[in-house]
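The values are calculated or read from the model by the stated rules, or taken from the named source; none is laboratory data. Source: prediction; values computed, not measured. A quick note on method: Cβ atoms are made from the backbone with ideal geometry, for glycine too, and the neighbour counts reach across all protein chains shown.
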Amino acid sequence: MQTNPLEMAMEKLRIPARGGSGLLTLHLEALKRAYRQCVMRSHPDRAESLGLPKELLEEEFKRVNESYQILLEYVRNRENRRPGTRFTPHPPEKSVAGNFYYRGSMPKRPLRFGEFLYYSGNIDWNTFIQAIVWQMRNRPRFGDIAIKLGYMRPEEAVEVMRLRRLRERFGDTAIRLGHISNHQMFIILGRQRFYAKPIGSFFQDNGRLTREALEKKLAEQVRHNARFR
């Protein structure tokens, strides 16, 4: 199990470890470049375009910054340390590891099931992100549904992909190009949600929750959400 905070910080910023030699050759410009790339992926302003809750990206953005500060301290002080001395980073307020649990109070708003499991302390952050990624990858693609319903031709779907603007959703581009109507987009989104695999399947299939525990947590989620509707 990985416990070295430097290695965990490198993993968070997606810097290759290269069998442990990555730290020895890591230089400031490479660190800054990796940090900028992670910031672009996890900035909370991208929540709407990615279809993710803003709180998720805010938490991930915080982890990225914590990891960057640890590695920045290491790189800046590497040349000033005496040979044989061990680098001990100043710990952030919370662990930079992907495997951490939420310890605050429950948000006072309706929560999706994955959010409910995370904010109630039943799953760690890394599992939460894995579940969201799994659900997004297993969700039927908007273009495929549009073609199947006869709203678009395959060549039109290709054109939408080619002419999509930065942060523009597929459906919005298709409307802008005149390939579908607003009403058709809502129908497609409804089909997409209907055929999407429930996120609870991820936790059950991966042994995180038994069927009985899953049903119990679903009932708890319903009671929580009923308080804010």
Scanning region 39-62 for residues that are modelled with pLDDT under 75 and basic (Lys, Arg), the one nearest to PHE128 (Cα to Cα) turns out to be LYS54
Listed by first then second residue, the pairs whose first member lies in region 122-136 and is closer than 17 Å to GLY104 by Cα, whose partner is of a type in the set (Asp, Glu) and modelled with pLDDT of 80 or more, with beta carbons under 9 Å and at least 6 positions apart or on separate chains, are TRP125/GLU60; PHE128/GLU115
Over region 10-38, the set of residues at pLDDT 80 or above, surrounded by 14 or more Cβ atoms within 10 Å (Cβ to Cβ) and in contact with a helix residue (DSSP H, G or I) (Cβ under 8 Å, 6 or more places away or on another chain) is MET10, LYS12, LEU13, ILE15, LEU26, LEU31, TYR35, CYS38
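This table checks each residue for (1) surrounded by 13 or more Cβ atoms within 10 Å (Cβ to Cβ); (2) hydrophobic (A, V, I, L, M, F, W, C); (3) assigned by TED's automatic domain parsing to the domain that holds LYS54.
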{"position": "ILE123", "(1), (2), (3)": "yes, yes, no"}
{"position": "MET161", "(1), (2), (3)": "no, yes, no"}
{"position": "ARG165", "(1), (2), (3)": "no, no, no"}
{"position": "PHE170", "(1), (2), (3)": "yes, yes, no"}
{"position": "HIS183", "(1), (2), (3)": "no, no, no"}
Among the residues that make up region 198-210, is at least one of them among the aliphatic types (A, V, I, L, M), at pLDDT 90 or above and surrounded by fewer than 18 Cβ atoms within 10 Å (Cβ to Cβ)?
no
Look at ILE147 and say whether it is within 29 Å of ARG41 (Cα to Cα) and either at pLDDT below 95 or of a type outside the set (Lys, Arg) (or both).
no
Every listed condition ((1) modelled with pLDDT under 80; (2) surrounded by fewer than 15 Cβ atoms within 10 Å (Cβ to Cβ)) holds for ARG109 save (1)
Does ARG208 satisfy being outside any helix (DSSP H, G or I) and either closer than 18 Å to TRP134 by Cβ or in contact (Cβ under 8 Å) with a residue 60 or more places away in the chain (or both)? yes
Among the residues of region 103-146, the number that are over 18 Å from the mean Cα position of the chain (by Cα), under 24 Å from PHE194 (Cα atoms) and in a loop (DSSP other than H, G, I, E, B) is 4
Practice problem: Kindly indicate whether MET185 is free of Cβ contacts under 8 Å to residues at least 24 places away in the same chain and either among the small types (Gly, Ala, Ser) or within 10 Å of GLY143 (Cβ to Cβ) (or both). | Solution: no
In region 142-158, residues that are in contact with a helix residue (DSSP H, G or I) (Cβ under 8 Å, 6 or more places away or on another chain) and more than 15 Å from GLN184 (Cβ to Cβ) total 1
Those residues of region 125-159 which are surrounded by fewer than 18 Cβ atoms within 10 Å (Cβ to Cβ), under 17 Å from SER181 (Cα atoms) and touching a Lys or Arg at 6+ places or on another chain (Cβ under 8 Å) amount to ILE147, LEU149
